[in-house]
Each structure stands twice: as C-alpha cells, then as structure tokens.
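Take a look at the structure set out below.
The values are calculated or read from the model by the stated rules, or taken from the named source; none is laboratory data. All values reported here derive from a predicted model rather than from experimental measurement. Ideal geometry is used to build each Cβ from the backbone, glycine not excepted, and the neighbour counts take in all protein chains shown.
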Amino acid sequence: MIYQGESIRVDFIEPGFAELQFDAKGSVNKFDQKTLQEFSDALTQLAQTDDLRGVIVTSSKPTFIVGADITEFLNMFADPENTREWVAKASRVFDQLEDLPVPTVGAVKGFALGGGCEALLACDYRVADSTATIGLPEVKLGLIPGFGGTMRLPRVIGPDNALEWITTGKNNSALDALKVGAVDAVVEPDNLTEAALNLAKAAAAGEQDWKAKRQPKLEPLKANDTELTMTLVTAKGMVAAKAGKHYPAPHKAIEAIENGAREAREGALNAENQAFFDLTQTDACHAQVGIFLADQAVKGKSKKYAKSASKEINTAAVLGAGIMGGGIAYQSALKGVPAVMKDIKQDALDLGMKEAGKILKKGVERGKVSSEKMIKVLSSITPTLLNDAVKDVDIVVEAVVENPKVKGSVLAEVEGVISDDAILTSNTSTISITELAKNLKRPEKFCGMHFFNPVHKMPLVEIIRGEKTSDETVAAVVAYALKLGKTPIVVNDCPGFYVNRVLFPYLAGFAGMVDEGIDFVGIDKVMEKMFGWPMGPAYLSDVVGIDTADHCTVVMADGFPSRMARNESSAIAQLAKAERYGQKNGKGFYVYGTDKKGKPTKEADPETYKLIGAEPGKQADKDEVIARCMIPMVNEVVRCLEEGIIGSAAEADIALLYGLGFPPFRGGPFRYLETVGIENFVKLADKYAHLGEIYQVTDGMREMAKAGKSYFDTTSAK
C-alpha cells in the first residue's frame with residue numbers, strides 16, 4: 001500500500017502502475033477539507049514512490065466526485081482571511097497531480113462535477129464510461145471553479161467551449177465531452193479501469209506523448225489576440241443578456257479567464273483565486289449556497305416522510321378537468337401513475353386532454369419527448385363523466401372551482417365512492433383543510449395538495465395538514481408528490497396556507513401605493529429589474545387572475561380580519577368589478593394581445609388608470625417601492641414560522657423560490673431578511689409601521705434582532 005487515508009487509498013494495480021482511488025465513507029466522494037489534505041498527502045507519497053511508471057485516478061463508487069463539500073462554505077466564507085488562504089492552498093493540490101513525474105489518466109464514471117471535473121483536468125488523459133456526466137456547475141452557487149478549472153479547461157477544450165461550460169454551469173454527457181476534447185475516449189462501464197490502465201501503459205511506453213499533452217496547461221493560452229478578444233466579447237454579451245447584473249459569478253468567470261489567458265499556470269491560477277475569493281464575499285453567493293443547503297434539507301425531510309409511508313400510490317384520479325386538472329393528470333401520467341380525469345362536463349374533459357396534449361406536443365417538437373412516450377402518457381389519462389371510474393384509485397386530487405360549498409359537496413360525494421383506505425386531497429389554494437374535512441367521514445385520510453400553475457413547470461407542491469389528518473396520510477401524499485418529480489413541503493392549515501398567505505400582504509403593499517396614485521407600471525419595473533422578481537405585482541395579479549386574487553382576498557380577510565381586511569375600493573377589487581380578469585380575458589392591469597408576428601404583447605391601458613385612479617408616470621422612490629412591497633411579505637413569513645405553519649427557515653425559503661419565483665440571488669425571504677440584517681429590517685419596518693399591521697414586526701423578530709440570532713438556527717414553535 002502506497003497510501004491509505006479515510007477517503008483515499010493508493011496502491012499498485014500492476015507493477016509500476018498505481019491506482020489512486022477515491023473511496024469516502026459516505027454515499028458519494030466529495031472534496032471536503034479533510035479529503036483535500038488526504039489528496040495532497042497521497043500525491044506527495046506518489047511523487048516519492050520508486051519504480052512508478054504511471055497513475056490512474058478512479059472512484060470505488062458509482063459516481064466519480066460530486067465536487068466540493070458545500071456544507072463547509074458559509075462558515076468558511078464568513079472568515080475572509082481563512083477563505084483566501086484555503087482557496088490558494090486547495091487549488092495547488094491539483095498542481096501536485098499535474099506535476100507527477102509520470103503519465104496520469106482519470107477514469108470517470110457517473111458524475112464528475114466541480115472539483116471532480118477539475119481533478120480530471122489535472123490529469124494528462126481522461127477516459128469516461130458511457131454513464132459519465134461532466135461539468136463545472138459552480139455559477140449555480142454564485143461561484144466559479146476554484147481548483148484550477150478556469151485555468152485548465154480553456155487550455156484543454158479551447159476558450160470558446162470553456163466559457164460556455166463555465167458561464168452556464170451546464171452538465172455534459174460523456175459523448176458531448178468527447179466531441180470538444182474534454183475526454184480522450186468513451187468506453188463501456190465494464191471496460192473503464194482496463195481502458196485507463198492501457199492508456200497509462202501506452203503513454204509510459206512512449207506510444208503517447210504525455211508530456212506534450214500536459215505542456216499547454218502549464219503555459220499561457222494558445223490563442224491569437226483577435227480570436228481571444230472576439231471570444232471574450234461574445235461571452236460577455238451572452239452573459240449580460242442571460243445573467244444580468246444580479247448574478248456576478250458568470251461575469252467573474254470571464255474576468256478570471258481573461259486575466260489568466262496570457263499567464264502561465266501560476267499567474268492564471270492567481271487570477272482564478274482572486275475572482276473566486278471576491279465572489280465568496282458577495283450576497284449572491286451566500287444566497288445561492290444557502291438555496292443549495294436549504295434544498296438538501298427539504299429533500300432530506302421529504303425522503304424521511306416517504307420512507308415512513310405505509311401506503312403506496314399507484315393510481316390516481318383528478319376531479320375537475322380544465323387547465324389545472326389537466327396539468328395534474330398529465331404530470332401523474334408522465335411520471336408513471338395512471339390518472340382518471342373526472343368532470344361533469346365533456347367540454348371540460350376535452351380541455352383537460354387538450355392541455356395534456358399541448359404540453360406533450362411541445363416536448364416532441366423540442367426533441368425531449370418521443371412520439372411513443374406521448375402516446376403512452378395520453379393513454380394513461382382516462383377522461384370520464386362517471387363517478388364509478390374513480391372507485392379503485394389510491395388517491396384523489398380534487399381540483400374543482402375555488403368555492404368551499406362546491407368543494408365540500410364534491411369531496412363528500414367522492415368519499416362515498418372510493419375505498420376506505422384511499423386518500424382524498426384538495427388542490428385548494430386558500431380554503432381551510434380543517435373546514436373542508438368537516439364534510440367527510442374519514443378526515444384522517446384527507447389533506448391539502450396545492451399545486452402551482454403551470455403544473456408541469458412549477459416544482460412546488462404544498463402538502464397541507466388539517467387538524468385530523470393522520471401522519472400516514474401526509475407520508476403517502478409526500479411520497480406521491482416525489483413520484484411526480486415535485487418538491488413537497490408540509491405545512492399546517494390556515495387561510496392561504498403558507499405561500500398564498502404571505503403573497504397577499506405583498507400584494508396589499510403594492511395596492512396601497514396604487515391607491516396613492518403611483519403608476520403600477522413603475523412599481524412592476526422596480527420589483528422586476530431592481531428586486532429581481534420574474535413578474536411585478538401588477539403583472540403577477542393578471543397572470544394569477546384578477547377574479548381569483550379578488551376572491552382570495554375574501555378568504556384572507558375572514559382569516560385575518562385585522563391584518564388583511566378587504567378593501568372594496570382597492571385596485572384589484574375595482575378591476576374585478578369591471579370584469580378585467582387579467583390574461584384570461586385579455587385585460588387587467590395590462591391589455592394583452594399579439595403583434596404582427598404572433599408574439600404575445602403586454603401594454604398598459606389608459607382605461608386601467610381611469611378605473612383605479614393611478615397617474616401614468618407617477619413614480620415613488622425605488623427603495624420605498626421595495627420596502628412597501630417586501631416588508632409585509634417578510635413579516636408574514638416570520639409569523640408563519642412563529643405560528644408553526646411552516647417548519648423551518650429553509651422550507652420557507654424553498655417554498656417561495658419554487659412556488660412564487662422569489663429571486664434566487666436573494667436566496668428566499670429569510671436569507672433576504674438576514675442579508676439586510678434583522679436589526680436593520682426592524683428599523684426599516686418601524687418607519688412604515690403607521691401604514692398598518694402588515695408593516696408591524698412581531699415581538700419575536702425584535703427579540704431575534706436584540707439577541708443577534710439567526711432564523712436558520714431555529715425551527716417553528718409547533
């Protein structure tokens with residue numbers, strides 16, 4: 001044995017040829033600080049080994065290396081001096097691999113991402129099996145490659161390909177990597193180790209010039225000035241258009257490559273180290289790393305629920321066709337759970353099937369869905385007008401009109417048809433699950449299952465636990481949501497549940513400004529361009545449906561009369577009264593249509609201004625617009641955690657990211673709150689406290705501010 005650590009072992013696989021194998025104790029290999037130290041120690045030992053002729057780098061696991069240990073990042077980045085020292089030291093470990101006095105071959109299977117990809121790049125040759133996926137996804141964490149990726153990849157596959165890989169963070173199949181030269185060969189999985197060893201032997205025997213293969217990575221980038229300038233200008237333009245100003249990582253990636261292009265390895269690595277360090281000190285990086293960690297926490301919680309499920313969902317029914325019901329039935333059928341789609345009107349069933357067909361047709365046109373898959377999915381949806389068709393299903397998702405009496409009646413009727421152990425759920429967006437359960441004989445088998453529109457695109461499903469919902473029911477529904485490819489988050493019952501409950505104070509803050517005559521177009525621009533929402537509050541209201549939003553204000557007012565009292569003269573109420581329902585009928589805050597080329601159009605309508613009393617062009621201070629929209633939302637988010645409606649800050653953040661499109665570079669409402677600083681937020685909210693209860697912070701938040709605590713160290717009170 002040449003070296004034995006906890007995560008790495010090195011030994012001769014044949015005389016003269018050593019295998020450095022990653023074999024961590026957990027389910028995957030990753031570069032935590034301890035593994036990086038072991039990597040350095042193992043390479044030091046290899047460099048001193050006599051009779052060494054070649055080295056292959058392998059993994060004992062189904063996947064190669066998934067990257068760095070992201071759980072270490074936030075604590076580390078909080079100490080700038082330690083961070084700067086760590087990245088400089090860690091990146092030089094990969095130089096040790098590249099500087100071994102013998103040819104090196106990386107053998108990759110499964111995922112080789114981030115640091116895993118960078119370890120491969122430090123090898124002279126790379127052999128992939130057909131299952132391999134290779135990439136540098138660091139920009140998705142608000143970072144850039146930190147172990148030499150921005151220096152080595154341009155010298156291996158050329159600056160244009162490297163810039164695309166690094167600035168998009170995309171994963172690449174083995175064959176795609178082969179096409180650009182990121183790997184030297186692709187083989188069948190059973191042949192991987194043998195192929196890597198044979199290549200190392202060929203290089204050691206002089207059949208391959210391994211020194212010539214290594215040399216370009218040690219030198220300045222070989223590209224003439226004109227070529228390089230054009231490549232960088234093109235990349236900058238694409239990044240500016242796609243990432244914009246809120247995401248600094250892809251911009252920094254270009255900067256690192258540009259600054260290192262005319263430098264040999266050490267200078268290029270210094271350029272990367274500096275750019276990486278700069279990003280570790282940005283709010284965007286902390287937010288995006290926070291999202292990753294929160295997502296992992298949410299997934300872990302969901303898997304625990306699913307493991308405890310005693311009932312497996314293999315067949316489903318959706319009550320209420322149309323766009324929403326059709327979307328749910330489509331998603332279920334797509335993921336292998338056949339769905340009965342039941343309605344009382346044939347035209348609604350036709351609309352539901354048309355919706356499913358439309359989604360599949362787009363997939364076929366884009367080459368993502370085969371014709372055979374389209375036929376299979378559509379044949380797995382059974383449209384019906386008959387109640388008996390749902391009697392044998394494992395789960396029912398009720399998706400009829402958002403009216404408690406109608407829902408109550410439909411749920412009670414179907415409960416009498418399905419088996420005693422079948423689960424009943426409601427896709428209500430605001431109506432109390434506990435109240436709806438009063439219509440049922442088996443309330444323990446009933447919960448909320450709130451999908452978001454469009455169902456096939458929106459990842460979140462809120463699972464709402466009523467007062468009598470059993471743990472077994474929640475576990476089974478979480479497992480079903482996971483089967484559908486969704487991110488389920490379990491919340492407790494209240495009007496609006498979590499996502500819609502916190503959305504309405506946000507819309508109320510917007511409405512308050514409109515009532516003062518401020519132009520809704522200007523508000524939308526600030527909330528989209530400056531804060532980063534995909535849609536401003538006026539546009540969002542039109543997309544949700546003004547009539548839907550108006551109806552929900554009644555439910556919210558009943559639930560929270562002092563904080564969310566209904567305002568009959570508000571902009572949304574006035575537009576609903578005038579039957580301006582938004583996109584669904586072509587006019588709301590905006591007027592919708594198509595241009596000469598058939599592309600959708602959205603324009604402010606003079607009639608809207610007259611109707612709601614706003615003044616075209618009347619602007620408010622940008623920071624005030626953000627404060628007046630966001631303070632009410634954040635306050636309500638905090639109340640939901642304090643009341644136990646949502647289980648943790650991580651779940652609260654992911655729910656709004658996946659359900660409403662909260663700007664990822666801000667990380668979610670709690671990450672945003674803590675970036676602003678809880679104490680600073682309290683002071684800001686106090687400036688607007690006179691506007692009403694939605695602007696008044698809780699006593700709990702004041703205590704958190706005084707104590708200097710973090711919401712990420714706490715869970716809900718219930």
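Summary of computed values
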| item | result |
| --- | --- |
| Qualifying residue in the range 242-256 (condition: closer than 30 Å to residue 200 by Cβ and buried (at least 16 other Cβ atoms within 10 Å of the Cβ)) | no |
| Number of the exception - residue 90 against (1) in contact (Cβ under 8 Å) with a residue 60 or more places away in the chain; (2) surrounded by fewer than 24 Cβ atoms within 10 Å (Cβ to Cβ); (3) within 26 Å of residue 278 (Cβ to Cβ) | (1) |
| Sole residue being surrounded by 24 or more Cβ atoms within 10 Å (Cβ to Cβ) and over 19 Å from residue 451 (Cβ atoms), chosen from 290, 326 | 290 |
| Residue within the range 336-353 that is part of a loop (DSSP other than H, G, I, E, B), without any contact (Cβ under 8 Å) to a residue 60 or more places away in the chain and within 18 Å of residue 486 (Cβ to Cβ) present | yes |
| Residue 49, sole failed condition from (1) over 41 Å from the mean Cα position of the chain (by Cα); (2) at pLDDT below 95; (3) of a type in the set (Ser, Thr, Tyr) | (2) |
| All positions within the range 7-44 that are charged (D, E, K, R), crowded, with 20+ Cβ neighbours inside 10 Å and over 29 Å from the mean Cα position of the chain (by Cα) | 19, 38 |
| Residue that is surrounded by the most Cβ atoms within 10 Å (Cβ to Cβ) [pool: residues in the range 479-491 that are assigned to a helix (DSSP H, G or I) and in contact with a helix residue (DSSP H, G or I) (Cβ under 6 Å, 6 or more places away or on another chain)] | 479 |
| Segments classed as strands (runs of 3 or more DSSP E), wholly inside the range 125-222, with at least 3 members that are free of Cβ contacts under 8 Å to residues at least 60 places away in the same chain and in contact with a helix residue (DSSP H, G or I) (Cβ under 9 Å, 6 or more places away or on another chain) | 133-135 |
| Pairs, first farther than 11 Å from residue 56 by Cα in the range 1-21, second of a type in the set (Lys, Arg) and at pLDDT below 95, C-beta under 7 Å, six or more apart | 6/25 |
| Unique match (being more than 27 Å from residue 292 (Cβ to Cβ) and among the acidic types (Asp, Glu)) among 699, 713 | 699 |
| Selection status of residue 560, assigned by TED's automatic domain parsing to the domain that holds residue 623, over 28 Å from the mean Cα position of the chain (by Cα) and at pLDDT 95 or above | no |
| Residue match in the range 529-540 (condition: free of Cβ contacts under 8 Å to residues at least 12 places away in the same chain, in a helix (DSSP H, G or I) and surrounded by fewer than 20 Cβ atoms within 10 Å (Cβ to Cβ)) | yes |
| Residue that is farthest from residue 546 (Cα to Cα), among those in the range 568-584 that are surrounded by fewer than 16 Cβ atoms within 10 Å (Cβ to Cβ) and touching an Asp or Glu at 6+ places or on another chain (Cβ under 9 Å) | 569 |
| Selection from the range 95-112 of residues that are of a type outside the set (Val, Ile, Thr), more than 17 Å from residue 180 (Cβ to Cβ) and out of contact with any Asp or Glu (no Cβ under 6 Å at 6 or more places or on another chain) | 95, 96, 97, 98, 99, 100, 101, 107, 110, 111 |
| The listed residue being assigned to a helix (DSSP H, G or I), buried (at least 20 other Cβ atoms within 10 Å of the Cβ), assigned by TED's automatic domain parsing to the domain that holds residue 588 and on the phi < 0 side of the Ramachandran plot, out of 555, 543 | 555 |
| Residue that is farthest from residue 150 (Cα to Cα), among those in the range 259-283 that are crowded, with 22+ Cβ neighbours inside 10 Å and touching a Pro at 6+ places or on another chain (Cβ under 9 Å) | 280 |
| Selection from the range 640-687 of residues that are more than 18 Å from the chain's Cα centre (by Cα) and closer than 15 Å to residue 509 by Cβ | 681, 684, 685, 687 |
| Residue match in the range 615-627 (condition: modelled with pLDDT of 95 or more and closer than 30 Å to residue 492 by Cβ) | yes |
| Residue 594, sole failed condition from (1) under 15 Å from residue 517 (Cα atoms); (2) modelled with pLDDT under 95 | (1) |
| All positions within the range 129-153 that are over 22 Å from the mean Cα position of the chain (by Cα) and acidic (Asp, Glu) | 129 |
| All positions within the range 648-674 that are in contact with a Lys or Arg (Cβ under 7 Å, 6 or more places away or on another chain) and either more than 30 Å from residue 455 (Cβ to Cβ) or of a type outside the set (D, E, K, R) (or both) | 672 |
| Qualifying helices (runs of 4 or more DSSP H) (wholly inside the range 648-717; at least 1 residues being in contact with a Gly (Cβ under 6 Å, 6 or more places away or on another chain), modelled with pLDDT of 95 or more and on the phi > 0 side of the Ramachandran plot) | none |
| Residue selected from the range 585-615 under the condition charged (D, E, K, R) and assigned to a strand (DSSP E or B), by the criterion surrounded by the most Cβ atoms within 10 Å (Cβ to Cβ) | 587 |
| From the options 192, 232, 199, residue that is surrounded by fewer than 21 Cβ atoms within 10 Å (Cβ to Cβ), assigned by TED's automatic domain parsing to the domain that holds residue 155 and either of a type in the set (A, V, I, L, M, F, W, C) or under 31 Å from the mean Cα position of the chain (by Cα) (or both) | 232 |
